[in-house]
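Each remark here refers to the structure printed beneath this line.
The values are calculated or read from the model by the stated rules, or taken from the named source; none is laboratory data. Here the structure is a predicted model, which is why all the values come from computation and not from measurement. Heads up, the Cβs are rebuilt from the backbone with ideal geometry, glycines too, and the neighbour counts pull from every protein chain shown. Just the protein is used for accessible areas: all its heavy atoms, side chains included, with ligands, DNA and RNA removed. Shrake-Rupley method; radii C 1.70, N 1.55, O 1.52, S 1.80 Å.
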Amino acid sequence: MIKHKALFLIFLLTSLFFSLISCFPLFQVSNNFDGILDEEYNNLELIQSLFGKGIIYIDDNWSDASSAGLCYGEGTQIDPYRIEGITIDASSNLTSCIYIENSNTDYFVVRNCTFLNTSIGNDVKNYHAGIKLVNSSRGTIYNNIFINTSNNGILLSSACKDVEIYDNIFLYDKTISKDDELHAIRIGQDCGYISVSNNTITNYLIGIGIYSDPFDISIEDNTIEAVESGIYLRNTYNPVFISGNELTHGGISFLGDNASQYANHVIYPNNTLNGGNIYYLINQTSLQIDQGYTNAGQVILVNCNDCEIFELQASINVYHSNNNEIRDNIVQAYAHGIWIEQCNETTVSNNTINNCTYGLGIWKGERNELQKNNIFNNSIAGMFLYTNSLSNITDNIIQDNLFGVYNLILSNFNNISHNEILNNDIGLNEFLNFNNTIQENEIHNNRGCGINITSCFFTSVIENDISHNGPYGMMLFNSLNASIDNNNIILHDYSLYFYRSNSSVVSNNIFRYYVANRTEIESKWNLFIGNTYNLISENRGEPPSNDLWGELILASAIVASVSTAGAVPIYLFRKRKRNKPLKGFKQKIPAQSLAIFEDNKKVIDIFDDQAKGINPSAVEAAELTMYTAEFLREIDQFGFNAEERAEFLQDMRLFTPRERNEIVENIKRRLEQASSKN
């Protein structure tokens, strides 16, 4: 549905550079549409002379259009105004082909026409269509052909009444557009007494969409092959009558604020999805839904509790229902394989779900159990979880999907464990969640990365085997306070990628990598401790240098003040932001004469000869930073190995001494908190 597409695009903006989405044509449109378009433009100059909101634009001025030769008739029920036998290609115009508004007294007909290539409008008021009606009534639209009409083939935008739409053909080449509002027929707010029948719709995202509570709508005997939903009802309290429709891939789906918007409709079993009957069950308890529901193509439950759904070969859609069990079903070749919306305490287990758009989806729920399912070859997501919390996702095999697991937007406190996530474009994606635990999963051979964590907080990634994902094992974008512990992250170009992600602890992991164990961009306060690193000898690129000490400018034991008996070790390093390294002395030099030289020329005095101490302004002016021995002793308490210590010190060169001390204190507090919990 549209809601899924919009959320999906949020993540693509951040991950486009490493995942490629394949499109494939199911309908190929020729340039000249041989054999489809028989009519030539009729009265082209007159049509273009009335260009406005549509190539033909009528604002309750049918008599003017008739005088211009665009239509004929008298506007009566017996002799309506008729637009017929014309072809309109809107490819060079950012508009609709025909736009009719404020026509409520005259009868009109649009028939035997062909409409092509309307463009995508930028919001609901400006959506384009082959035929767009606004506040218009008494219309009949039949026997027309619509080809590649975005956003809609026919749009009844608002307050349209007494309209019949029948015997039309809608064809869309879905490789040419990324229109996320693409409908063959869309009926909007305050419309009523609308009949939609005997239309043929192919490859539109939504076949027929009903929005914002219109009234007295009937949808009968249509043939619809839709990408996502054949018939989509959104925020509709008034009953919609649905009978005798043949749907392929996309079935009947809903979105609303409460159960009554799902349960008030009349949906007959003579509707079919993929050749099987559509069963619409409302307000039931303790049902057993199995093969006794003969030849099921789609099973829809609304406000049904304590039910079992098992051993079916059908799309399963459950809305506003609790404590149900869905098990041992085979679900394949649907837009939504198993879809659970605004449900709690649902168990989904031992199902096989493949070749769908969304394999297993949950839209708003709590305490759901998803376990031991085999989910593969789904075109967008194997598992799609939106605002689903306090749930267990365990022991599933999820492979060969675009996204293996796509867990997003306040899906919190979930346990994702013991799953096999294999051969997807992205293995596991976390977006805008907090306090999820990803533990003991096998995550291998995913093409973009194994785990992607974006805008999340307090994510725990523990004891997973993550390997052969390319090029990144794990990526963090704009995330805070992750705990990445005891994982095997091996055989990637880059084990970890941090972008604007701070205050995470990465501990006790094994990294084997071809290029680098990690990349950090605009990230800080991340603690790396107790990890094992191994650069693989295969020539996959050069690892970045970890030689902190190669950038040491000088080290000296200086007199801190005149009255101080002891010496304070000071280490000066080139700041990381400098592109050109300083060439200076690396040996100890008497404090009172200490200075930096570049190309044998004195650059700046570092020490104040009067106080025999450090001159901070001189250090800053020379674009140097300094470490004291006290600071080095502090970080030695963190248990770094030699490589981690060097990397941490490299990172600290981005900050002032005061900022570094704050970072150290923060790390110490976190370690103390972790120790107290143990």
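Annotations
- For the range 348-362, the count of residues that are closer than 16 Å to L287 by Cβ, open to solvent by less than 10 Å² (accessible area, probe 1.4 Å) and not in a loop (DSSP other than H, G, I, E, B) is zero.
- Long-range neighbours under 8 Å by Cβ, at least six apart or interchain, first residue in contact (Cβ under 8 Å) with a residue 60 or more places away in the chain within the range 340-352, second among the hydrophobic types (A, V, I, L, M, F, W, C) and open to solvent by less than 10 Å² (accessible area, probe 1.4 Å): E341/F254; E341/V318; E341/I362
- Strands (runs of 3 or more DSSP E) enclosed by the range 226-296 - at least 1 residues per element that are out of contact with any helix residue (DSSP H, G or I) (no Cβ under 7 Å at 6 or more places or on another chain) and farther than 21 Å from I362 by Cα: 240-243, 246-249, 276-282
- Count of the range 195-204 residues which are surrounded by fewer than 18 Cβ atoms within 10 Å (Cβ to Cβ) and either closer than 12 Å to D216 by Cα or out of contact with any strand residue (DSSP E or B) (no Cβ under 7 Å at 6 or more places or on another chain) (or both): 1
- Condition met for Y127 (open to solvent by 40 Å² or more (accessible area, probe 1.4 Å) and on the phi < 0 side of the Ramachandran plot): no
- Residue that is nearest to Y107 (Cα to Cα), among those in the range 129-158 that are assigned to a loop (DSSP other than H, G, I, E, B) and touching a Phe, Trp or Tyr at 6+ places or on another chain (Cβ under 9 Å): S136
- In the range 256-273, the residues that are in contact (Cβ under 8 Å) with a residue 60 or more places away in the chain and open to solvent by 40 Å² or more (accessible area, probe 1.4 Å): N258
- Against the list (1) assigned to a strand (DSSP E or B); (2) more than 30 Å from G188 (Cα to Cα), the condition L301 fails is (2).
- Residue match in the range 387-396 (condition: at pLDDT below 95, surrounded by fewer than 18 Cβ atoms within 10 Å (Cβ to Cβ) and of a type outside the set (D, E, K, R)): no
- Search result, residues across the range 450-470 that are farther than 20 Å from G530 by Cβ and open to solvent by 40 Å² or more (accessible area, probe 1.4 Å): F457, F458, H468
- When the residues of the range 102-114 are filtered to those that are open to solvent by 20 Å² or more (accessible area, probe 1.4 Å) and not β-branched (V, I, T), the one that is nearest to P80 (Cα to Cα) is Y107.
Residue by residue, here is whether (1) touching a Ser or Thr at 6+ places or on another chain (Cβ under 9 Å); (2) open to solvent by less than 10 Å² (accessible area, probe 1.4 Å) holds:
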residue	(1), (2)
G275	yes, no
Y279	no, no
I282	no, no
I289	no, yes
T294	no, no
Q298	yes, yes
L301	yes, yes
D306	yes, no
S315	no, yes
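- Scanning the range 215-235 for residues that are buried (at least 24 other Cβ atoms within 10 Å of the Cβ), over 24 Å from N143 (Cβ atoms) and of a type outside the set (D, E) returns S229, Y232, L233.
- Filter result for N93 (closer than 18 Å to I154 by Cα and surrounded by fewer than 22 Cβ atoms within 10 Å (Cβ to Cβ)): yes
- Matching residues, the range 159-194, being open to solvent by 50 Å² or more (accessible area, probe 1.4 Å) and either in contact (Cβ under 8 Å) with a residue 12 or more places away in the chain or not in a loop (DSSP other than H, G, I, E, B) (or both): K161, D162, E164, Y166, D167, I169, K174, T175, I176, Q189, D190, Y193
- Qualifying position, being under 34 Å from the mean Cα position of the chain (by Cα) and at pLDDT 95 or above, among F108, F115: F115
- Some residue of the range 35-42 being among the hydroxyl-bearing types (S, T, Y), open to solvent by 40 Å² or more (accessible area, probe 1.4 Å) and modelled with pLDDT under 50: yes
- Condition met for F431 (under 29 Å from S504 (Cα atoms), touching a helix residue (DSSP H, G or I) at 6+ places or on another chain (Cβ under 8 Å), open to solvent by 10 Å² or more (accessible area, probe 1.4 Å) and touching a residue at least 60 places away in the same chain (Cβ under 8 Å)): yes
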